[in-house]
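Undergrad: Let me begin by handing over the structure; questions about it come next.
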Amino acid sequence: MHKFQAKKLFYWFAFLVLGFFSCYWTADSLYVWQPVLGLVGSWLLAILFYVMASLCFSLVLKSFDRNHDFYGQFLGRGASLVLGVIGLILFWLVCSMPTNTHTLLYSAEVRNVLSEDLTTTIGYLDALENNNTAIKNINAEYESKETQVKMLFQRMQSEMQEHDNKGIGIRFRTIVAELNNVLSGIDRNSDGKPAVQEVKYPGSTPTQWLATYYHYQAQADRVLKIYRNMCDAKIADVRKNMNSERLQALIADCRIAQNDVERMEGVNNEIIKAAVKDLTDAYSHINDNAEYLTFKSNEEKDRYCRENAHPRVKALQVVPEVWKDFLLTSRYDGHGFIWWVLISILVDIAGFIFFYLANKQD
């Protein structure tokens with residue numbers, strides 16, 4: 001008798017321990033996926049799913065037990081089997097097992113997913129701030145004009161040092177004309193005069209030629225400075241259009257979130273919630289200013305610019321999305337998903353068996 005009671009107590013103890021783990025995983029998953037349920041609501045649903053799944057599993061085992069007498073019971077052997085299988089599918093395969101697997105995967109992956117998303121997003125925010133396509137194009141235009149001017153002055157130096165015909169000659173005038181062509185239209189206060197005005201009497205000695213050369217160079221530098229200021233004004237307009245102050249604040253917030261996530265131990269819902277908010281704001285800003293960015297791939301462009309774009313961790317928080325990605329894509333290949341499924345199944349099946357044994361009439 002005492003041996004029988006000890007066995008029953010052990011079965012109930014094992015069922016409750018395994019049930020606690022299963023319900024904890026289910027409740028945690030439900031709370032992450034549907035926070036509106038609250039912790040209490042998530043736990044109540046988790047317990048309901050687990051108890052109902054345990055009862056249905058017992059019905060299935062009883063239907064296969066030839067020694068079990070169904071005489072006088074409300075459900076016969078066939079009805080117990082059918083009801084038990086339906087209940088297992090509903091409460092275990094649909095509700096309990098997927099959420100348990102989700103919690104195990106989420107706990108293992110959430111930090112990595114957040115870190116990767118923050119790193120990539122900060123990179124695009126930095127690109128908007130310092131190296132976006134509009135600013136790159138403006139700077140490229142200035143650098144192109146500056147390079148052309150430098151090359152023309154190098155030709156001037158070569159012309160002045162020509163071995164057979166040193167000094168400033170007819171070809172020098174051609175170079176000045178090309179220089180004016182490059183710098184035309186920049187100085188709006190020139191009253192139609194050339195940017196670099198030709199010196200009528202350049203002299204006949206090397207010193208006079210050099211003075212003429214420096215005179216041309218000073219005029220060209222003055223116009224280039226005007227052009228640099230024009231380019232800086234265009235850049236300022238670009239920064240204003242993409243709300244540079246807001247952008248700088250987003251970069252700062254995302255860097256704080258990145259540091260918090262890197263230091264996070266286990267699953268800290270407050271840190272995750274703050275990081276998701278910062279990422280959501282950053283995604284929206286990148287989407288609004290996508291015209292200034294060069295994305296690494298069409299996939300990354302779609303990641304930020306598709307309708308209802310959201311941080312990747314949001315998909316990891318949704319149970320159906322996780323299972324859809326596992327079944328239809330390769331996103332979770334190499335992430336131990338099958339391992340978490342097996343752990344979830346083994347814990348639940350063991351708990352169900354102990355529940356059956358605890359209630360079995362000897």
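Undergrad: Out of the range 1-47, which residues are open to solvent by less than 90 Å² (accessible area, probe 1.4 Å), under 19 Å from residue 98 (Cα atoms) and without any contact (Cβ under 8 Å) to a residue 12 or more places away in the chain?
TA: 31, 34, 35, 37, 41
Undergrad: Being in contact with a Pro (Cβ under 9 Å, 6 or more places away or on another chain) and either modelled with pLDDT under 90 or farther than 30 Å from residue 177 by Cβ (or both): is that true of residue 275 here?
TA: Yes.
Undergrad: Identify the residue in the range 254-281 that is among the acidic types (Asp, Glu) and open to solvent by 60 Å² or more (accessible area, probe 1.4 Å) and, among all such residues, is nearest to the chain's Cα centre (by Cα).
TA: The first filter runs over the range 254-281 and keeps only residues among the acidic types (Asp, Glu), leaving 260, 262, 265, 270, 278, 281.
Checking the rest, the ones that are also open to solvent by 60 Å² or more (accessible area, probe 1.4 Å) come to 262, 265, 270.
Numbers: 262: 15, 265: 21, 270: 19 Å.
Within the range 254-281, the match that is nearest to the chain's Cα centre (by Cα) is 262.
Undergrad: Please specify each residue of the range 232-253 satisfying the condition of being among the polar types (S, T, N, Q) and open to solvent by 70 Å² or more (accessible area, probe 1.4 Å).
TA: So in the range 232-253, the residues among the polar types (S, T, N, Q) come out as 241, 243-244, 248.
Listed by number, the residues that qualify are 241, 243, 248.
Undergrad: Residue 220 - would you say it is among the small types (Gly, Ala, Ser) and surrounded by fewer than 19 Cβ atoms within 10 Å (Cβ to Cβ)?
TA: no
Undergrad: Also: Of all residues in the range 318-343, count the ones that are more than 29 Å from the chain's Cα centre (by Cα) and open to solvent by less than 50 Å² (accessible area, probe 1.4 Å).
TA: Filtering the range 318-343 for residues more than 29 Å from the chain's Cα centre (by Cα) gives 342-343.
From the residues that got through so far, the ones that are open to solvent by less than 50 Å² (accessible area, probe 1.4 Å) too are 343.
Total meeting the criteria: 1.
Undergrad: Conditions first: (1) surrounded by fewer than 18 Cβ atoms within 10 Å (Cβ to Cβ); (2) over 30 Å from residue 51 (Cα atoms); (3) polar (S, T, N, Q). Residue 359 passes all but one, so which condition is the exception?
TA: The one condition residue 359 does not meet is (2).
Undergrad: Tell me, please, whether a residue that is among the acidic types (Asp, Glu), out of contact with any Leu (no Cβ under 9 Å at 6 or more places or on another chain) and within 28 Å of residue 31 (Cβ to Cβ) can be found in the range 308-324. Even if it seems obvious, please write down each step before you answer.
TA: The first filter runs over the range 308-324 and keeps only residues among the acidic types (Asp, Glu), leaving 321.
Then drop every residue that is not out of contact with any Leu (no Cβ under 9 Å at 6 or more places or on another chain), which leaves 321.
Keeping just the survivors that are within 28 Å of residue 31 (Cβ to Cβ) gives 321.
Yes: one or more hits.
Undergrad: Considering only the range 86-138, how many residues are farther than 17 Å from residue 339 by Cβ, part of a helix (DSSP H, G or I) and without any contact (Cβ under 8 Å) to a residue 40 or more places away in the chain?
TA: 11
Undergrad: I've got another one for you. Give me the pairs, please: first residue somewhere in the range 308-322 and β-branched (Val, Ile, Thr), second residue anywhere and open to solvent by 70 Å² or more (accessible area, probe 1.4 Å), beta-carbon distance under 7 Å, and either six or more positions apart or on two chains.
TA: 318/33; 319/33
Undergrad: Consider residue 152 against the criteria (1) over 30 Å from the mean Cα position of the chain (by Cα); (2) of a type in the set (A, V, I, L, M, F, W, C); (3) surrounded by fewer than 18 Cβ atoms within 10 Å (Cβ to Cβ): it satisfies all of them except one. Which criterion is unmet?
TA: Exception for residue 152: condition (3).
The values are calculated or read from the model by the stated rules, or taken from the named source; none is laboratory data. It should be emphasised that the depicted structure is a prediction, and the values quoted were computed from it without experimental measurement. Note that we place each Cβ from the backbone using ideal geometry, even for glycine, and neighbour counts take in every protein chain shown. For the accessible areas, the whole protein counts, side chains as well, though only heavy atoms, and no ligand, DNA or RNA atoms are used. Shrake-Rupley method; radii C 1.70, N 1.55, O 1.52, S 1.80 Å.
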